[in-house]
Amino acid sequence: MRARDKAAVSALRSTLAALDNAEAVPVDDAELRGSALEHSPVGVGVTEATRRELSERSVVEIVRAEAAERLEVAAQLTSPAHADRAAQLRAEAAVLLRFLDGPGPGPA
């Protein structure tokens, strides 16, 4: 596998996880404390909650934030010992930004 593919896979996996987390339904403090066991709902699907639906703008913001985070961390890794990790993070950010900017011009 080429190094570029590894960067893409890593960036896309973590960004998909961030999008998945953003779709999760927020939990109330009262829900965390719960109630008495005997008052708990019973049956198939009682614990299911409809996930939030993200707008295209929200998705773009999350992807941009993921790319920005990688670039920020890469900028902080200035020691030669961390050069490979910084390059990996920059490559991952480039993959994410390429998705936002759309495909480049095709072969002529």
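Every residue, every condition in (1) among the hydroxyl-bearing types (Ser, Thr, Tyr); (2) assigned to a loop (DSSP other than H, G, I, E, B); (3) surrounded by 17 or more Cβ atoms within 10 Å (Cβ to Cβ), yes or no:
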{"residue": "ALA49", "(1), (2), (3)": "no, yes, no"}
{"residue": "ARG52", "(1), (2), (3)": "no, yes, no"}
{"residue": "SER58", "(1), (2), (3)": "yes, no, no"}
{"residue": "GLU61", "(1), (2), (3)": "no, no, no"}
{"residue": "ALA67", "(1), (2), (3)": "no, no, yes"}
{"residue": "VAL73", "(1), (2), (3)": "no, no, no"}
{"residue": "THR78", "(1), (2), (3)": "yes, yes, no"}
{"residue": "ALA83", "(1), (2), (3)": "no, no, no"}
{"residue": "ALA86", "(1), (2), (3)": "no, no, yes"}
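When ASP28, ASP101 are checked against the criterion of being within 27 Å of ASP5 (Cα to Cα), acidic (Asp, Glu), loosely packed, with under 10 Cβ neighbours inside 10 Å and at pLDDT below 90, ASP101 stands alone in meeting it.
The values are calculated or read from the model by the stated rules, or taken from the named source; none is laboratory data. All of these numbers come straight from a predicted model, not from anything done at the bench. We place every Cβ from the backbone using ideal geometry, glycine too, and count neighbours over all the protein chains shown.
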